[in-house]
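The values are calculated or read from the model by the stated rules, or taken from the named source; none is laboratory data. Predicted model only: the values in this text are computed from it and were never measured. Don't worry about glycine lacking a Cβ; one is built from the backbone with ideal geometry, like all the others, and counts go over all protein chains shown. Calculation scope for accessible area: heavy atoms of the full protein, side chains included, ligands and nucleic acids excluded. Shrake-Rupley method; radii C 1.70, N 1.55, O 1.52, S 1.80 Å.
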Amino acid sequence: MTGTDTEQGQIADIRTAVAALCERYPEEYWRRLDAERGYPTEFVAEMTEAGFLTALIPEEYGGSGLGLIEACAILEEISRCGAHAGACHAQMYVMGAVLRHGSPTQKSDYLPKIADGSLRLQSFAVTEPTTGTDTTSLKTTATRDGDGYRINGQKVWISRVEHSDLMVLLARTTPLDRVKKKTEGLSAFIVDLREARGQGLEVRPIDAMINHHACELFFDDLHVPVENLLGREGDGWRVILDGMNAERILIGAECIGDARYFIDKATAYASERVVFGRLIGANQGVSFPIATAYAQTEAAALMVEKAARLYDAHKRCGAEANMAKMLAAEASWAAGDMAMQTHGGYAFAREYHLERKFRETRLYRIAPVSTNLILSFLAEKVLGLPRSF
Ligand SMILES: Cc1cc2nc3c(=O)[nH]c(=O)nc-3n(C[C@H](O)[C@H](O)[C@H](O)COP(=O)(O)OP(=O)(O)OC[C@H]3O[C@@H](n4cnc5c(N)ncnc54)[C@H](O)[C@@H]3O)c2cc1C
């Protein structure tokens, strides 16, 4: 870890405080929620009250006014403790779109309430069933109609919609055949879910491998007032792109937390399980994979830190944010696989919790952006290789 002694001390204090809070929500709590498809309402409320989920909201709006480097420490620690940061991480970063692109009224109306937890902005709706990763081809439309817009279309895999009051939505306001670049003609909106459900928005939960509260959304002439446009009409791509680097770095930090969780668990188990009359960790066939996972995780953590520092310094960090997310997701997945192998059959027993974390961390090789798409970005945008699409 680089940074001044004061900063390191502050980050260490944050980690200790987050770990102390997480101790009140042991792995059994997360196992029960996973089985019941429940939502950690009390945990999210406590995290908000303690100022952790409001880390990135400036103090003038009632937030903690911290940087991404501190926010990363918070999410990493939650994941390392065995909790599921995916239940609440978006409350930390989706508001960034409002902070950077919101009108003065939107900022003063929403940010203080997000900071005190009375308003939940936990959802961010981009992905569509027929276009997937090809985001700029999305088909949901927003058509101007009097004092607002009419939204029509469909979204899929939108997380936490049932546990959020507001949602940032990306829709097309100018048809694809009338724009020069595919990234033009998209617009971002703040949708008030409390008013929208049943009034043109249908929400259907998806039965999924992990407890991420992801839903399908169906829009049928949903009315969104014009004052809920976020940024300028047609500028939606820029509105969401800005937040993507922060999201990728923060997800990278979560993955580092997961990887460290797996390494801690595997190290402990390999140091106590006796087979053939000796500790299994005394076999290099067991200890080397743990050491390999450790080395991979530490390398990925450096990239997460580099990306977060660039972000906090307002420097370009697109390549680093993408690499951080990719390397951390690959490290956590490999560490999870290693921990499963180290635990043998017991890895499959739910009371050991590993299988839940193993499922949860698997998501990050796919969402919010898949490994292939990151490699494609690096190949074409950073290295200048020929375009493939
Ligand atoms: C639990 C969960 C929660 C989610 N939460 C949200 C959310 O809150 N908001 C939101 O907007 N989305 C969310 N998503 C969606 C997620 O971001 C997408 O699933 C992801 O971006 C991949 O899109 P896709 O599923 O349509 O895959 P596809 O685009 O269909 O791609 C399928 C596979 O093909 C690969 N592929 C596609 N095209 C290429 C190419 N040209 N070159 C190489 N490989 C390619 C991809 O990398 C991927 O591995 C969530 C998904 C899940 C599973």
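Applying a 4.7 Å Cβ-Cβ cutoff to the chain leaves 72, 88, 215, 255, 317 as cysteine residues with no disulfide-compatible partner. Start at zero, step by 10 Å, and the Cα-Cα distances of segment 1-63 spread as 18, 38, 30, 12, 1 percent across the bins.
Divide by every residue of the chain the summed helix terms, -39500 (n - 2.57) for each DSSP H run of at least 4, and state the resulting mean residue ellipticity at 222 nm, rounded to the nearest 500 deg cm²/dmol. Kindly include the intermediate steps, with their values, before the conclusion.
Numbers: 13 runs with 186 residues, N = 389.
One gets -15500 deg cm²/dmol as the mean residue ellipticity at 222 nm.
Solvent exposure of segment 212-267 amounts to 31 Å² per residue of accessible area, where only protein heavy atoms count and the probe is 1.4 Å. Sorting the Cα pairs of the chain by distance into bins of 10 Å, from 0 upward, gives 5, 22, 32, 25, 11, 3, 1, 0 percent per bin. Annotation note: GluC sites (Glu not before Pro) in segment 199-274 located in DSSP loop regions with a Cβ neighbour count of at most 14 within 10 Å are 272.
Computed about the Cα centre, the dipole magnitude for the chain is approximately 1160 debye when only Lys and Arg (+1) and Asp and Glu (-1) carry charge, each at its Cβ.
For segment 24-135, the spherically averaged projection of the C-alpha convex hull amounts to 8.5 nm².
How big is the Cα convex hull of segment 254-389 in projection, averaged over all directions, in nm²?
9.6
Translational diffusion of segment 135-175 was estimated from the Stokes-Einstein equation, with Rh taken as the Kirkwood radius over Cα pairs; at 20 °C and 1.002 mPa s the coefficient is 184 µm²/s. The shape of segment 244-320 can be summarised by an equivalent ellipsoid whose semi-axes, obtained from the alpha carbon gyration tensor, come to 35, 10, 7 Å from longest to shortest. Full extension of the segment from residue 103 to residue 28, taken as 0.36 nm per residue of separation minus the current Cα-Cα distance, would add 22.7 nm. Assuming charge only on the beta carbon of Lys and Arg (+1) and of Asp and Glu (-1), the dipole of segment 236-389 about its Cα centre is about 240 debye to the nearest 20. Centre-to-centre separation between the Cα atoms of segment 204-237 and those of segment 259-329: 35 Å. Where a ≥ b ≥ c are the square roots of the eigenvalues of the C-alpha gyration tensor, would you call segment 196-248 rounded, which needs a/c under 1.5, or, failing that, prolate if a/b is larger than b/c, or oblate? Here segment 196-248 falls in the oblate category. The length gained by stretching the chain between residue 359 and residue 60 to full extension, at 0.36 nm per residue less their Cα-Cα distance, is 103.7 nm. In segment 54-114, the convex hull through the Cα atoms has an average projected area of 4.0 nm², a quarter of its surface area. Shown here: segment 118-203, whose C-alpha atoms stretch 41, 32, 20 Å along the first, second and third principal axes, sorted largest to smallest. Dipole size of segment 219-260 about its Cα centre, with +1 on Lys/Arg Cβ and -1 on Asp/Glu Cβ: approximately 300 debye, rounded to the nearest 20. Ignoring aspartates and glutamates fewer than eight residues from residue 180 along the same chain, the ones with Cα atoms less than 15 angstrom from its Cα are 235.
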